[in-house]
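Data block below; observations after.
The values are calculated or read from the model by the stated rules, or taken from the named source; none is laboratory data. Note that this is a predicted model, so its numbers are computed, not measured. Please note: Cβ atoms are built from the backbone with ideal geometry, for glycine as well, and neighbour counts cover all protein chains shown. Protein only, heavy atoms only, side chains kept; ligands, DNA and RNA dropped before computing areas. Shrake-Rupley method; radii C 1.70, N 1.55, O 1.52, S 1.80 Å.
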Amino acid sequence: DPSLEKAQRRAQAVTLAEAVESYLANRRTRSGLPLKERTKADIRYHLKTSFAPWAGKSVGGITREAVQRRYLELCKRSTAQANQAMRVLSGLMNFAGATYRTPDGERIIKGNPVSVLREANLLRAVKPRNRQVPLDRLGEWWAKLKEMRAAAAIGSSGRSAADLAALLALTGLRLGEA
């Protein structure tokens with residue numbers, strides 16, 4: 001049947017870029033809320049950088065071997081970014097596998113190719129950053145912050161910056177959440 005073959009080819013031809021746009025438009029969090037803007041920005045960033053060579057490639061054509069090679073290439077620049085990129089790709093592939101089907105109802109992606117990284121124990125650990133003010137120097141830091149805020153020369157933008165630093169320190173908020 002020619003129409004069935006055409007529908008089959010169309011299903012198999014869904015590109016990574018198309019899957020990303022569908023994901024960003026339709027994906028919801030576990031609590032049913034839309035994705036945060038920062039999450040969307042991270043996904044777009046990785047499509048334009050980490051997966052630029054694959055943007056026009058069929059999601060069904062992304063192999064385990066290709067994922068493994070790309071991960072190792074990305075690790076040469078930054079292991080943390082490589083890990084994040086693969087988390088993004090894994091989510092996209094899970095979404096594509098659940099969303100896109102052939103006319104006879106089969107998934108266009110049989111298994112998530114990113115799973116090779118866990119199965120082959122290839123994921124590299126990233127040492128967490130410790131950018132906290134040590135407890136024994138917290139009083140000194142707070143005094144400097146208050147001194148800076150009180151200085152007449154810093155102006156209103158400087159006082160606002162000091163207030164923001166105090167807010168972040170006291171509440172534990174991240175900069176993008178304040």
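Per residue, how many Å² of accessible area does segment 9-93 show with a 1.4 Å probe?
Here the residues of segment 9-93 average 57 Å² of exposed surface.
Which sequence of 170, 35, 16 reflects their accessible areas, 1.4 Å probe, from the largest down?
Highest to lowest solvent-accessible surface, that is 170, 35, 16.
Ranked highest first by average number of other Cβ atoms within 10 Å, how do 22-33, 120-131 line up?
22-33, 120-131
Tell me, how many Å apart are the Cα centres for segment 26-75 and for segment 93-171?
Segment 26-75 and segment 93-171 have Cα centres spaced 18 Å from each other.
Write down Rg/Rh for segment 1-101, rounded to two decimals, with Rg from the C-alpha atoms and Rh from the Kirkwood relation over Cα pairs.
1.01
What is the distance, in nm, between label points placed 7 Å from the Cα along the Cα-to-Cβ direction at residue 87 and at residue 33?
Simple spin-label model gives 1.7 nm for this pair.
Just need the relative contact order of the chain here, percent rounded to a whole number, with Cα pairs under 8 Å and 6+ apart.
It comes to 19 percent, rounded to a whole number.
Taking the 0 to 90 degree range and rounding to the nearest ten, how far is the long axis of helix 64-77 tilted relative to the main principal axis of the chain, both from C-alpha atoms?
The angle comes out at about 20 degrees.
Taking Rh as the Kirkwood radius computed over C-alpha pairs, what is the Stokes-Einstein D of segment 55-99 at 10 °C in a medium of viscosity 1.306 mPa s, expressed in µm² per second?
My calculation gives 143 µm²/s for D.
Please state the relative contact order of segment 12-102 as a whole percent: Cα pairs under 8 Å, 6+ residues apart? Could the numbers behind the result be given before it?
On the way: 61 pairs, mean separation 33.4, N = 91.
Relative contact order for segment 12-102 comes out at 37 percent.
Set the Förster distance to 35 Å, then compute FRET efficiency between residue 145 and residue 125 from the Cβ-Cβ distance, nearest 0.05. Intermediate values should be presented prior to the final figure.
Values: r = 34 Å, r/R0 = 0.97.
So, using R0 = 35 Å, E works out to roughly 0.55.
Distance in nm between label sites at residue 63 and residue 9, each 7 Å beyond Cα in the beta-carbon direction?
2.3 nm
Ignoring solvent entirely, what values of log10 I(q)/I(0) come out of the Debye formula for segment 1-52 at 0.12, 0.15, 0.18 Å⁻¹ when each Cα is a single scatterer?
Values, matching the q order: -0.40, -0.55, -0.68.
Suppose the Debye formula is applied to equal point scatterers at every Cα of the chain; what is log10 I(q)/I(0) at q = 0.12, 0.15, 0.20 Å⁻¹?
Treating every Cα as an identical point scatterer, log10 I(q)/I(0) equals -0.73, -0.94, -1.29.
Relative to the Cα centre, what is the charge dipole magnitude of segment 54-178, using +1 at the beta carbon of each Lys and Arg, -1 at the beta carbon of each Asp and Glu, and rounding to the nearest 20 debye?
Dipole magnitude for segment 54-178 comes out near 300 debye.
Would you mind telling me the share, in percent, of accessible area of the chain contributed by carbon and sulfur at probe 1.4 angstrom?
That share works out to 53 percent.
Report the one residue of 160, 114, 138 whose Cα lies farthest in the direction of the positive end of the charge dipole of the chain (charges on C-beta: Lys and Arg +1, Asp and Glu -1; origin at the Cα centre).
138
Kindly write out, for segment 19-24 in residue order, the coupling ³J(HN,Hα) from the Karplus curve 6.51 cos²θ - 1.76 cosθ + 1.60 (θ = phi - 60°), rounded to whole Hz, with x marking Gly and Pro.
For segment 19-24, the Karplus-derived couplings read 5, 4, 4, 5, 4, 5 Hz, x marking Gly and Pro.
Relative to the present Cα-Cα distance, how much length would full extension add between residue 78 and residue 154 at 0.36 nm per residue of separation?
23.7 nm
Output the 0 to 90 degree angle, nearest 10, between the alpha-carbon long axis of helix 2-12 and the longest principal axis computed from the alpha carbons of the chain.
It is inclined by approximately 30 degrees.
Which order do the peptides 155-167, 90-102 take when ranked by the mean count of other beta-carbon atoms within 10 Å per residue, highest first? If you can, show how the numbers build up before the last one.
Values: 155-167: 12.8, 90-102: 17.8.
Top of the packing list down: 90-102, 155-167.
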